[in-house]
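The numbers here are math on the coordinates, done by the rules we state, and not lab data. Keep in mind it's a predicted model, so treat the numbers as computed, not measured. Using ideal geometry, Cβ is built from the backbone for each residue, glycine included, and neighbour counts are taken over all protein chains shown.
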Amino acid sequence: MDAGAWFAGEVGENSDPKSISHEVTFHEDTDDGEKLESTIARLSEMVGRRLREQSLFARTVQLKLRYSDFTTITRAHSLDHATQLDTEIFRQARQLFRKNRQVKSKIRLLGVHVGGLESAEGQLSLLDEQSTERWRKALSAVDQIRDKFGDDSVSLASGLKGRFRERVHENPAGLPGKDPRDE
């Protein structure tokens, strides 16, 4: 049976995102606390930017840790207000990291995830606080700079040592399928 007739468009085409996340697998497992926290800062920036691009706010911040033995834990914290600020996401993710990290155990993968997403419409009254509004304006300017000069052009100071090259796996080499360069 052809299910195509049952759907007017692509599956999930009109559904809003339920969560946003970024994660990185290290080339070499590490227990370097400074590097790990710096990476959490960078991942938080990436998540915050995607929230702002989609005019969304998150109520829950989650951290994912995978150790060198492939043991994986996730820990989450719900905020008393929704946010899209890199600094607030980082603060919560770092707190989760510090509370749940097995010291001296090498980490293979780190991830920052946000959920409980809400649209900007319901958030305007919550954003009247002056410092929050200043951060929103500053991060909007940062987003514009990154659009023009690249994602690595501006970063939170705490994320400077957490640099990594993102790899996009839309059509890995050797797999059959449509080559995006043919479009």
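Taking 25 Å as R0, compute the FRET efficiency from the Cβ-Cβ separation of Asp29 and Thr60 and round it to 0.05. Each step should come with its number before you reach the end.
Details: r = 28 Å, r/R0 = 1.10.
So the FRET efficiency works out to roughly 0.35.
In whole Hz and in residue order, list the ³J(HN,Hα) couplings for the stretch 52-59 that follow from phi through the Karplus curve 6.51 cos²θ - 1.76 cosθ + 1.60, θ = phi - 60°; x for Gly and Pro.
So the J values, rounded to whole Hz, are 5, 4, 9, 6, 10, 10, 10, 9.
How much length is gained on full extension from Ser19 to Glu118, taking 0.36 nm per residue of separation minus their Cα-Cα distance? Walk me through the numbers before you get to the answer.
Values: separation 99, 0.36 × 99 = 35.64 nm, distance 1.02 nm.
The span from Ser19 to Glu118 would gain 34.6 nm if fully extended.
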